[in-house]
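*Asks:* The structure's right below; bear with me while I get my questions together.
The values are calculated or read from the model by the stated rules, or taken from the named source; none is laboratory data. Quantities reported herein were computed from a predicted structural model and do not represent experimental measurements. Because the Cβ atoms are built from the backbone with ideal geometry, glycine has one as well, and the counts that use them run over all protein chains shown.
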Amino acid sequence: MNITGLETLVFGVENLADCAQYLTDYGLIAVDTNDQGGRFEALDGTAIVLAHTDDETLPAALGNGCLLRKTVMGVANQASLDGIRDELSKDRAVRLLDDGSIESVDDMGFVIGFQLTQRKLIEKIGEIANVPGSPIQRDVNQLGVDDHVGQIRPRTLSHVVYFVPDVVKAEAFYVERLGFRCTDRFDGIGPFLQASGSLEHHSHFLIGAPEHMKGVEHFTFHFSGPTEVMQNGSRFIEKGYQAFWGPGRHLLGSNWFWYFNSPFACHMEMDADMDLHDRTWEARVSDLGADASQAFLLQYRKKWSPGPGTPENGDYA
């Protein structure tokens, strides 16, 4: 089953206008949107889809305040799509939708969909650092940062994190039924799961939690590098959005991160530079804690300029 990763997350929300504004301020591109919702895409076409919570075309809600209605994954070919349909049909209903995709539920009750991947190739070089001695550098006179650049756009939908009441059962479904594999694990908490047709460290992270908490902890898109995360995150704060955690860099997965509160009853992250692993990689097991979840953590502050006069201007004598 050649599952390439996440394609779309579908949310049912009350305040469509606020949610749409949040996503466009984050950097997603509004596509076919109106006052009933619509699609908000990254550069490769992966997306968040919004609809009003009363939209009858949405899958049923979990019923506990979680606003996520469906997680859609891409597959590389029709054989994989047919294989998933055959596998899941052994013990649960699988719907064939008009667009050729299929829809079912996982063992925790999350609605899941699968479609032939629609991801577009991004022919745009990501962030390059000028490291002394490295054979790969930016071109001469090419700037590493441009404070006047327009809206920064995320490149692709990265991962989603579920709170699940039975993490062992949830992991078994994705590993044994869909071919995911664990790349790393927080002991007693849950696994990072890599889709079968991807090298990315994870597309899913499962966290054990009580039944009433079942839902989403966060979801995120990849940006081109840490500079875009820092720059876009700073602009996001200046627009009035509230940071939750970060900026910093994780240990497991190595991705840069910055988490924000969101109107989706969960956090939304900006991330960049996630590790890639093949089948030779052996999963690590770590205790959950600040020392294991982040290599370092930075602190945002408003811009300042070093100079004489006051501590705020850099005079600490």
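*Asks:* Is it true that some residue in the range 136-153 is modelled with pLDDT under 95, small (G, A, S) and in contact with a helix residue (DSSP H, G or I) (Cβ under 8 Å, 6 or more places away or on another chain)?
*Replies:* Yes; the residues of the range 136-153 include at least one that is modelled with pLDDT under 95, small (G, A, S) and in contact with a helix residue (DSSP H, G or I) (Cβ under 8 Å, 6 or more places away or on another chain).
*Asks:* Given the structure, is R85 at pLDDT 95 or above and not in a strand (DSSP E or B)?
*Replies:* Details: at pLDDT 95 or above: yes; not in a strand (DSSP E or B): yes.
Yes, satisfied.
Here's the yes/no breakdown for (1) crowded, with 20+ Cβ neighbours inside 10 Å; (2) over 16 Å from M268 (Cβ atoms); (3) at pLDDT 95 or above:
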| site | (1), (2), (3) |
| --- | --- |
| V175 | no, yes, yes |
| F186 | yes, yes, no |
| H212 | no, yes, no |
| H218 | yes, no, yes |
| G225 | no, yes, yes |
| Q231 | no, yes, yes |
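*Asks:* What pairs come out if I take residues in the range 91-105 that are assigned to a loop (DSSP other than H, G, I, E, B) and pair them with residues that are of a type in the set (A, V, I, L, M) whose C-beta lies under 6 Å away, six or more apart or interchain?
*Replies:* The qualifying pairs are V94/L88; V94/I102.
*Asks:* Are any of the residues in the range 134-156 part of a loop (DSSP other than H, G, I, E, B), over 19 Å from M270 (Cα atoms), free of Cβ contacts under 8 Å to residues at least 40 places away in the same chain and among the basic types (K, R)?
*Replies:* Yes; the residues of the range 134-156 include at least one that is part of a loop (DSSP other than H, G, I, E, B), over 19 Å from M270 (Cα atoms), free of Cβ contacts under 8 Å to residues at least 40 places away in the same chain and among the basic types (K, R).
*Asks:* Same structure again: Suppose we filter L97, L157 for residues that are closer than 30 Å to G188 by Cα, out of contact with any His (no Cβ under 7 Å at 6 or more places or on another chain) and not acidic (D, E); which single one remains?
*Replies:* On the way: L97 fails: closer than 30 Å to G188 by Cα.
After applying the criteria, what remains is L157.
*Asks:* If the requirement is being at pLDDT below 70 and either more than 23 Å from A195 (Cβ to Cβ) or part of a loop (DSSP other than H, G, I, E, B) (or both), which of these qualifies: R301, R279? Break it down into steps so the answer makes sense when it comes.
*Replies:* Details: R279 fails: at pLDDT below 70.
On inspection, the qualifying residue turns out to be R301.
*Asks:* Something else now. How many of the residues in the range 69-93 are buried (at least 20 other Cβ atoms within 10 Å of the Cβ) and either out of contact with any Phe, Trp or Tyr (no Cβ under 8 Å at 6 or more places or on another chain) or under 21 Å from Q194 (Cα atoms) (or both)?
*Replies:* Going residue by residue through the range 69-93, those that are buried (at least 20 other Cβ atoms within 10 Å of the Cβ) are 69, 71-75, 80-81, 84, 88.
Cutting the leftovers down to either out of contact with any Phe, Trp or Tyr (no Cβ under 8 Å at 6 or more places or on another chain) or under 21 Å from Q194 (Cα atoms) (or both) gives us 71-75, 80-81, 84, 88.
Qualifying residue count for the region: 9.
*Asks:* Please go through the range 106-128 and give me each residue that is of a type in the set (A, V, I, L, M), in a loop (DSSP other than H, G, I, E, B) and touching a Pro at 6+ places or on another chain (Cβ under 9 Å), ordered by number.
*Replies:* Start the filter on the range 106-128 by keeping residues that are of a type in the set (A, V, I, L, M), which leaves 108, 111-112, 116, 121-122, 125, 128.
Of the ones still in play, those that are also in a loop (DSSP other than H, G, I, E, B) are 108, 121-122, 125, 128.
Answer for the range 106-128, where residues must be of a type in the set (A, V, I, L, M), in a loop (DSSP other than H, G, I, E, B) and touching a Pro at 6+ places or on another chain (Cβ under 9 Å): just M108.
*Asks:* Only residues that are within 25 Å of Q21 (Cβ to Cβ), surrounded by fewer than 19 Cβ atoms within 10 Å (Cβ to Cβ) and touching a Gly at 6+ places or on another chain (Cβ under 8 Å): list them for the range 233-286, please.
*Replies:* A243, A265
*Asks:* So which residues in the range 188-204 are under 12 Å from V160 (Cα atoms) and surrounded by fewer than 22 Cβ atoms within 10 Å (Cβ to Cβ), if there are any at all?
*Replies:* Correct list: empty.
*Asks:* Picking from T4, T46, which residue would you name as being within 25 Å of G179 (Cβ to Cβ), surrounded by fewer than 23 Cβ atoms within 10 Å (Cβ to Cβ) and modelled with pLDDT of 95 or more? Break it down stepwise before answering.
*Replies:* Values: T46 fails: surrounded by fewer than 23 Cβ atoms within 10 Å (Cβ to Cβ).
Step by step, each of T4, T46 is checked, and only T4 is within 25 Å of G179 (Cβ to Cβ), surrounded by fewer than 23 Cβ atoms within 10 Å (Cβ to Cβ) and modelled with pLDDT of 95 or more.
*Asks:* Answer yes or no: is there a residue in the range 162-170 that is in a helix (DSSP H, G or I), modelled with pLDDT under 95 and touching a Pro at 6+ places or on another chain (Cβ under 8 Å).
*Replies:* No: the range 162-170 contains no residue that is in a helix (DSSP H, G or I), modelled with pLDDT under 95 and touching a Pro at 6+ places or on another chain (Cβ under 8 Å).
*Asks:* Would you check if there is a residue in the range 32-50 being on the phi > 0 side of the Ramachandran plot and among the charged types (D, E, K, R)? Lay out the reasoning, then the answer.
*Replies:* Keep residues of the range 32-50 that are on the phi > 0 side of the Ramachandran plot, which gives 32, 37-38, 45.
When the remaining residues are screened for being among the charged types (D, E, K, R), the result is 32.
The answer is yes; a qualifying residue exists.
*Asks:* Those residues that are assigned to a helix (DSSP H, G or I) and out of contact with any Phe, Trp or Tyr (no Cβ under 6 Å at 6 or more places or on another chain), I need them from the range 184-214; list them, please.
*Replies:* So in the range 184-214, the residues assigned to a helix (DSSP H, G or I) come out as 211-213.
E211, H212 - these are the residues of the range 184-214 that are assigned to a helix (DSSP H, G or I) and out of contact with any Phe, Trp or Tyr (no Cβ under 6 Å at 6 or more places or on another chain).
*Asks:* Quick one: which of F180, F244 is of a type in the set (F, W, Y) and without any contact (Cβ under 8 Å) to a residue 40 or more places away in the chain?
*Replies:* Working: F180 fails: without any contact (Cβ under 8 Å) to a residue 40 or more places away in the chain.
From the options F180, F244, the qualifying one is F244.
*Asks:* Step by step: first the residues of the range 7-28, then only those that are of a type in the set (D, E) and not in a strand (DSSP E or B), then the one that is surrounded by the most Cβ atoms within 10 Å (Cβ to Cβ). Which residue is that?
*Replies:* If we filter the range 7-28 for residues that are of a type in the set (D, E), which is where we start, we get 7, 14, 18, 25.
Next cut, not in a strand (DSSP E or B) only: 14, 18, 25.
Values: E14: 11, D18: 11, D25: 15.
Only one residue fits best here, namely D25.
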